[in-house]
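Trainee: Take a look at the following structure, please.
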Amino acid sequence: MRMLENEGFAWENYIDIFDGGPTMTVRTDQIRSVREAGDSVVTAIDERLGEHKEGDKQLVSFRKLSDFRCAYGWTETREGGVALDPKCAEILGVEPGQTVTHVARW
């Protein structure tokens, strides 16, 4: 429940009739991860990011709907976009020049 509260969800006194737990609600545009996410062009795949733990750990997604992919990886903001660690880029199947959506995790 705490994780959902950190994302902006709130308990509005509703209990789920099937499992007896609280029903958490939020407007989609008020979810922290949705509100703070940004799109960037991948400018580089940088081995230094994954191995040396440099940069920022972020949730990174690529594509939409049936082709959607998401990974937790190391990123670094650079002029013109963002660099990704090789493992994250491999999982997502992205190359420089393609656009990803990313958001910091805390």
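The values are calculated or read from the model by the stated rules, or taken from the named source; none is laboratory data. Computed from a predicted model, the values in this text were never measured in an experiment. For neighbour counting, all protein chains shown are included, and Cβ atoms are generated from backbone atoms with ideal geometry for every residue, glycine included.
Trainee: If we scan the range 16-33, do we find a residue that is touching a strand residue (DSSP E or B) at 6+ places or on another chain (Cβ under 8 Å), modelled with pLDDT under 90 and either in a helix (DSSP H, G or I) or not assigned by TED's automatic domain parsing to the domain that holds M3 (or both)?
Mentor: no
Trainee: Scan the range 68-90 for residues that are part of a strand (DSSP E or B), touching a strand residue (DSSP E or B) at 6+ places or on another chain (Cβ under 7 Å) and not charged (D, E, K, R) and jot them down. Break it down into steps so the answer makes sense when it comes.
Mentor: First pass over the range 68-90, keeping only residues part of a strand (DSSP E or B): 69-78, 81-84.
Applying the additional criterion that residues be touching a strand residue (DSSP E or B) at 6+ places or on another chain (Cβ under 7 Å) yields 69-76, 78, 81-84.
C70, A71, Y72, G73, W74, T75, G81, V82, A83, L84 - these are the residues of the range 68-90 that are part of a strand (DSSP E or B), touching a strand residue (DSSP E or B) at 6+ places or on another chain (Cβ under 7 Å) and not charged (D, E, K, R).
Trainee: How many of the residues in the range 91-106 are in contact with a Ser or Thr (Cβ under 8 Å, 6 or more places away or on another chain) and part of a strand (DSSP E or B)?
Mentor: 5
Trainee: Can you tell which of V103, V34, V42 is of a type outside the set (D, E), more than 19 Å from N6 (Cβ to Cβ) and under 18 Å from the mean Cα position of the chain (by Cα)? Full working, then the answer.
Mentor: On the way: V103 fails: more than 19 Å from N6 (Cβ to Cβ); V34 fails: more than 19 Å from N6 (Cβ to Cβ).
Result of the check over V103, V34, V42: V42.
Trainee: I need every pair where a residue in the range 78-106 that is loosely packed, with under 13 Cβ neighbours inside 10 Å has its Cβ under 8 Å from the Cβ of a residue that is of a type in the set (S, T, Y) and at pLDDT 95 or above, sequence separation at least 6 or different chains.
Mentor: That search, which allows pairs on different chains as well, returns E79/T43; G80/T43.
Trainee: Tell me yes or no: at least one residue of the range 54-69 is touching a helix residue (DSSP H, G or I) at 6+ places or on another chain (Cβ under 8 Å), at pLDDT below 90 and in the same structural domain as T99 (by TED's automatic domain parsing).
Mentor: Within the range 54-69, the subset touching a helix residue (DSSP H, G or I) at 6+ places or on another chain (Cβ under 8 Å) is 54-55, 59-62, 69.
Restricting the remaining residues to those that are at pLDDT below 90 gives 54-55.
Now restrict to residues that are in the same structural domain as T99 (by TED's automatic domain parsing): 54-55.
Yes, because at least one residue in the range 54-69 is touching a helix residue (DSSP H, G or I) at 6+ places or on another chain (Cβ under 8 Å), at pLDDT below 90 and in the same structural domain as T99 (by TED's automatic domain parsing).
Trainee: In the range 21-43, how many are closer than 20 Å to G97 by Cα and surrounded by fewer than 16 Cβ atoms within 10 Å (Cβ to Cβ)?
Mentor: So the count comes out to 3.
Trainee: Which residues, counting only those in the range 37-67, are of a type in the set (A, V, I, L, M) and touching a strand residue (DSSP E or B) at 6+ places or on another chain (Cβ under 9 Å)?
Mentor: Residues satisfying the conditions are A37, V41, V42, A44, I45, L49, L59, V60.
Trainee: Does at least one position in the range 54-67 carry a residue that is free of Cβ contacts under 8 Å to residues at least 24 places away in the same chain, assigned to a helix (DSSP H, G or I) and of a type in the set (S, T, Y)? Walk me through how you get there before you give the answer.
Mentor: Step one: list which residues in the range 54-67 are free of Cβ contacts under 8 Å to residues at least 24 places away in the same chain, which gives 54, 63-67.
The next check asks that each one be assigned to a helix (DSSP H, G or I); those that pass are 65-67.
Adding the requirement that they be of a type in the set (S, T, Y) leaves 66.
Yes.
Trainee: OK, next. Just checking, which of E47, E51, E7, E79 is touching a helix residue (DSSP H, G or I) at 6+ places or on another chain (Cβ under 8 Å) and assigned by TED's automatic domain parsing to the domain that holds I91?
Mentor: Values: E51 fails: touching a helix residue (DSSP H, G or I) at 6+ places or on another chain (Cβ under 8 Å); E7 fails: assigned by TED's automatic domain parsing to the domain that holds I91; E79 fails: touching a helix residue (DSSP H, G or I) at 6+ places or on another chain (Cβ under 8 Å).
Result of the check over E47, E51, E7, E79: E47.
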